[in-house]
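What follows is a set of notes on a single structure, which appears directly below.
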Amino acid sequence: MFVDFVPDPELYPFESRWFASSAGRMHYIDEGSGPVLLFCHGTPTWSFVYRAIVTALRDRYRCIVVDHLGFGLSERPDGCGYTITELSSLLGELIDHLGLDDVVVMGQDWGGPIGLGAAVRRAERIRGVVLGNTAFWPNDGLDKRLFSAIMSSRPMQRRIIDDNVMIDRVLASELRVTLSPAEFENYRAVQPTPAARAALAVMPREIRAARGFLAELERDVAQRLGDKPALATWGMRDKVFRPRACLPRIRRTFTDLDIVELPAAGHIIQEAAPGKIAAAIARRFPV
C-alpha cells in the first residue's frame, strides 16, 4: 500500500522520485548538483526531517534523501520485514541504481546503521561519513533493552499500530513545541492508518533483534570506513544516544573526526539545529 498524501510544496519544496527496489517502491528526493550527500532518516521520521538541511545545501551539493520502505511516501509492501538489515540492503540497491560515487553518507537514529550498512559494502565509493545522534554498535545498555522489551510487548505493539503512539506521544514529546501545527501534521499524515504503521512497530524490536547485524557493522565500519573523513553533529541533550556514552566510541572508530556539539538539541537534531548541521557539513566536506 501507499500513503495517500501530497506534502505541502511550501514546506517540502522538492520533486518526488521513485525507485523500484526488490521489495517495493521507494520514494526519494534528488536535489541540486555537485558532490553527493546521501541523507538517511531514523524512526519515526521520514525525508521531511531533512528539508531545511537540503534547502541550505542544494545550491552546492547533490542532496539525496530516501524514505525507507514503510516510512514517508514509500510503499508498505506485503512480505517486507522492515528489519534494519533489509532496509540497509534496499538503500544499497538505490545507491547502485543511481550510480553514486564519492558519496558523503549522513545517518541519524536508525538511519546511522542503515546508511553505514550500505556504505561498508561500497567503501571505495564513500567520500566521508556524518553521524548525528545514532549508534552503529549493539544496543546492550539495560535502558535500551528494557525499552525494546516494553515496546515489543503485545499491548504496546497494539498502541503503536492502533493509536499511533510513536508519533502522537514519542515524537510529539520532543517536537510539539518546536514545530508549527502544519509541520507536525506532516509527520502524522504519512502514518495515517494502522496498516501504514507496520514498520514503526518493528523498530523497537530491532534494538535487540539486530544485535548480530550491529556487531558485524561495528567491526566493518572501523575496518572499511575508519580512515574516511568523518563528522559527528550531536544533540547534547539527547537522552537516547547520550554524548558521554556515544562520542568516545565514535572517536575510537574514526581517525579523522570532527565533532560539532549542538548544546540546545535533543534527539531530532535536524529539527533543532538544521542551519548548524548544514554549515558543519559544508566546512567538513567543501566543494
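Could you give the length gained by full extension between GLU93 and ALA245, i.e. 0.36 nm per residue of separation minus their alpha carbon distance, to one decimal place?
Length difference between fully extended and current span is 51.5 nm.
About the Cα centre of the chain, what is the dipole size in debye to 20, counting +1 per Lys and Arg Cβ and -1 per Asp and Glu Cβ, all else neutral?
940
Cα gyration tensor of the chain, axes a ≥ b ≥ c as square roots of the eigenvalues: rounded (a/c below 1.5), prolate (a/b > b/c) or oblate?
Since a/c stays below 1.5, the shape of the chain is classed as rounded.
Compute the longest continuous run of the chain that contains no exposed trypsin sites (Lys or Arg not before Pro); treat a site as exposed when its DSSP state is not H, G, I, E or B and it has at most 13 other Cβ atoms within 10 Å.
1-175
What distance in nm lies between label points placed 7 Å from Cα along the C-beta direction at ARG122 and SER33?
In this crude label model, ARG122 to SER33 measures out at 2.1 nm.
Once phi is turned into θ = phi - 60°, what whole-Hz ³J(HN,Hα) does the Karplus curve with 6.51, -1.76 and 1.60 give for every residue of segment 226-241, x standing for Gly and Pro?
Each residue's phi maps through the Karplus curve to give x, 9, 7, x, 9, 9, 10, 10, 10, x, 7, 9, 6, 9, 8, 10 Hz.
Take ASP4 and ARG237, extend 7 Å from each Cα along the Cα→Cβ direction, and tell me the distance between the two endpoints in nm.
3.9
Per-residue HN-Hα couplings for segment 165-170, Karplus 6.51 cos²θ - 1.76 cosθ + 1.60 at θ = phi - 60°, whole Hz, x for Gly and Pro?
Values per residue, Gly and Pro as x: 5, 5, 8, 6, 10, 5 Hz.
Sequence gap at least 6, Cα distance under 8 Å: using those rules, report the relative contact order of segment 21-71 to the nearest whole percent.
54
Ignoring ligands, DNA and RNA, what percent of the accessible area of segment 143-190 is carbon or sulfur (1.4 Å)?
55
Kindly identify segment 50-174 as rounded, prolate or oblate by the Cα gyration tensor criterion: order the square roots of the eigenvalues as a ≥ b ≥ c, call it rounded if a/c is under 1.5, otherwise compare a/b with b/c, prolate if a/b is larger, else oblate.
prolate
When only Cα pairs under 8 Å and 6 or more residues apart are kept, what is the percent relative contact order across the chain?
It rounds to 20 percent for the chain.
Explain nothing, just the number: dipole magnitude of segment 15-84 about its Cα centre with +1 on each Lys and Arg Cβ and -1 on each Asp and Glu Cβ, in debye rounded to the nearest 20.
Dipole about the Cα centre, nearest 20: 140 debye.
Provide the FRET efficiency to the nearest 0.05 for the ASP101-ARG154 pair, computing r from the beta carbons and using R0 = 41 Å.
0.35
What FRET efficiency would be calculated for the residue pair TRP18, LEU142, taking the C-beta separation as r and a Förster radius of 35 Å, to the nearest 0.05?
Efficiency at R0 = 35 Å is approximately 0.25.
Work out from phi, with θ = phi - 60° and the Karplus expression 6.51 cos²θ - 1.76 cosθ + 1.60, the ³J(HN,Hα) of each residue of segment 270-284, listed in order in whole Hz, and give x for Gly and Pro.
5, 8, 7, 8, x, x, 5, 5, 4, 5, 5, 5, 5, 5, 6
Among all the lysines, which ones have a C-alpha under 24 Å from LYS144's C-alpha, if same-chain residues fewer than 8 places away are not counted?
LYS239
Suppose R0 equals 41 Å; then what is the FRET efficiency for VAL287 and ALA209 from their Cβ-Cβ distance, rounded to the nearest 0.05?
Rounded to the nearest 0.05, the efficiency is 0.55.
Percent relative contact order of segment 124-240, based on C-alpha pairs within less than 8 angstrom and at least six residues apart?
Over segment 124-240, the number comes to 54 percent.
How would segment 1-110 be classified by its alpha-carbon gyration tensor: rounded, prolate or oblate, with rounded meaning a/c under 1.5 and the a/b versus b/c comparison settling the rest?
Judged from the Cα gyration tensor, segment 1-110 comes out oblate (a/c at least 1.5, b/c at or above a/b).
Report the one residue of ILE259, GLY275, PHE241 whose Cα lies farthest in the direction of the positive end of the charge dipole of segment 230-286 (charges on C-beta: Lys and Arg +1, Asp and Glu -1; origin at the Cα centre).
PHE241
The values are calculated or read from the model by the stated rules, or taken from the named source; none is laboratory data. Predicted model only: the values in this text are computed from it and were never measured. Virtual Cβ from ideal backbone geometry, glycine too; neighbours counted across all protein chains shown. Side chains included, ligands, DNA and RNA excluded: accessible areas come from the protein's heavy atoms. Shrake-Rupley method; radii C 1.70, N 1.55, O 1.52, S 1.80 Å.
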